[in-house]
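> Mind looking over this structure? Questions follow.
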Amino acid sequence: MKTIIADDDKTLLLLHSTFIKRSGICDNPLTCIDGNIALEAIKETISKESVLLFLDLNMPELNGWGVLDFISTETFPNPIYVIIVTSSVRLEDRNKANEYKCVVEFVTKPIKASFLAELKTRDFYINN
């Protein structure tokens, strides 16, 4: 499974990438500074393998909601699993995110090691 991190904050990209590597989820996650780059990475990968996308909601250019809208309207040969990683604590954002079938989790920044350890026990992760 290809792991992609999309966030407009370069410091958080580095931090989350390091945490994901240390957790054993992925040795080399792809980092994307905006939603458009993340979508291009998904399009290049999805025919070969499933995608685990750590997605920030608030980004310039194409935000996380735009990425989710695109993913939800397309048919892909492999699944995309999205983990929303955001600074938003708004219940409205959580509820809206949960309306997308591809969203498997909604967490606040920064990602915690305990969350990544738990993530590795999920069916979608184990079966990919």
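No value in this document is a laboratory result; all are computed from the given coordinates. Quick caveat, the model's predicted, so the values are computed rather than measured. Cβ coordinates were reconstructed from backbone atoms using ideal geometry, including for glycine residues, and neighbour counts include every protein chain displayed.
> How many Å³ per residue does the convex hull of the Cα positions in the stretch 57-128 occupy?
102
> Another question, if that's okay. Starting from the amide H of T31, placed 1.01 Å from N in the peptide plane, find each other amide H under 5 Å away whose residue is 5 or more places distant or on another chain.
It is I5, by chain and number.
> Can you give me the three principal axis dimensions of the stretch 2-126 from its C-alpha atoms, in Å, biggest first?
34, 33, 27
> Using modelled amide H (1.01 Å from N, peptide plane; none on Pro or chain starts), what sits under 5 Å from the amide H of L52, excluding residues fewer than 5 places away?
K2, T3, I4, Y81
> If I take R0 = 30 Å and measure r between the Cβ atoms of N127 and R22 in this structure, what FRET efficiency does the formula 1/(1 + (r/R0)^6) give, to the nearest 0.05?
Values: r = 23 Å, r/R0 = 0.76.
Calculated transfer efficiency: 0.85.
> Once label points are set 7 Å from the Cα along Cα→Cβ at both E40 and A117, what is their separation, rounded to one decimal in nm?
3.8
> DSSP loop (so not H, G, I, E, B), at most 13 other Cβ within 10 Å: list which GluC sites (Glu not before Pro) in the stretch 56-109 pass both filters.
Passing sites in the stretch 56-109 are E61, E74, E99.
> Near E118, within a Cβ-to-Cβ distance under 11 Å, what is the net charge of the other residues, with Lys and Arg +1 and Asp and Glu -1?
Around E118, the charge tally is +2.
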